[in-house]
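The values are calculated or read from the model by the stated rules, or taken from the named source; none is laboratory data. These numbers were taken from a predicted model, which means no experiment stands behind them. A quick note on method: Cβ atoms are made from the backbone with ideal geometry, for glycine too, and the neighbour counts reach across all protein chains shown. Heavy atoms of the whole protein, side chains included, go into the accessibility calculation; ligands, DNA and RNA do not. Shrake-Rupley method; radii C 1.70, N 1.55, O 1.52, S 1.80 Å.
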Amino acid sequence: MPSATLKGRKRWTNAGINVEDLVVATNEMTRPLYLPAVAQDDLFMRKGEKPEALLRRTHQRLEKSLAKGVPPVLSLRRFVLRGGKWEALQGHFVTVTAVPRKLGRGQSAFAFTYLDPWGGKRTQGEFRISPGPILAAPGQESPCLEVLAPAANIGKKEVRRGETTVIIPAAVIGRW
């Protein structure tokens, strides 16, 4: 099928699929079953949004989709700081199966459980407000959260010794 967003490209290639096309494909498969549509949300700070609000919005999207019976699909991306600029290495989708029911006041992180299709493993990760600037110039506020996922092999083989690397949650697909 042609991509819904990338002109002249197929929806799914050897490089994978983007979030928008995955939403379109999912809804095409579930529509004949009269299931409600899924949607996607980017996980970057919006104008006027603070990191704490982004953390809460991310948690709310995940928790609400799980409560509605749809394990959310999370788009993760590994970046590396190379030559003074953040460079994207690789993206990967995982399925979130559990998050805490609520976040406490002033909380700056929360754990989650996910299924990784690479190896079919169930593992743990953590969303957190990054202690340093990521995807931003030094001294500027990070536009995103950081994911600690020690078992994730996303782009690891492309990271050179001594480079700063980070995994960020780029988007989520679910029902809310």
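Normalised by 2.2 N^0.38 Å, where N counts its residues, the alpha-carbon radius of gyration of the chain equals 1.05. At 222 nm, what helix-only mean residue ellipticity would the chain give, in deg cm²/dmol to the nearest 500, using -39500 (n - 2.57) for each DSSP H run of four or more? When only DSSP H runs of four or more count, the value is -5500 deg cm²/dmol. Near residue 111: Cβ cut-off under 11 Å, other residues only, Lys/Arg at +1 and Asp/Glu at -1. The net charge is 0.
For the range 19-164, what is the charge dipole size about the Cα centre, in debye to the nearest 20, if Lys and Arg each add +1 at the Cβ and Asp and Glu each add -1 at the Cβ? Before the final figure, lay out the partial values.
Values: 23 positive and 15 negative charges, 73 e Å.
The calculation lands at about 360 debye.
Couplings for the range 77-84, taken from phi via the Karplus curve 6.51 cos²θ - 1.76 cosθ + 1.60 with θ = phi - 60°, read 9, 9, 10, 10, 8, 10, x, x Hz in order; Gly and Pro are left as x. Looking at the range 1-91, the chymotrypsin sites (Phe, Trp or Tyr not before Pro) that sit in a DSSP loop and have at most 11 other Cβ atoms within 10 Å of their own Cβ are 34.
When ligands, DNA and RNA are left out and all protein chains stay put, how many square angstrom of accessible area per residue does the chain have with a 1.4 Å probe? Please list the in-between numbers first.
Working: 10090 Å² over 176 residues.
That works out to 57 Å² per residue.
Note on the chain: with neighbouring protein chains present and a 1.4 Å probe, carbon and sulfur make up 54 percent of its accessible heavy-atom surface. Each part gets one Cα centre, and for the range 62-98 versus the range 11-28 those centres are 15 Å apart. Applying the criteria of a DSSP loop state and at most 13 other Cβ atoms within 10 Å to the trypsin sites (Lys or Arg not before Pro) of the range 1-55 yields 7, 9, 46, 47.
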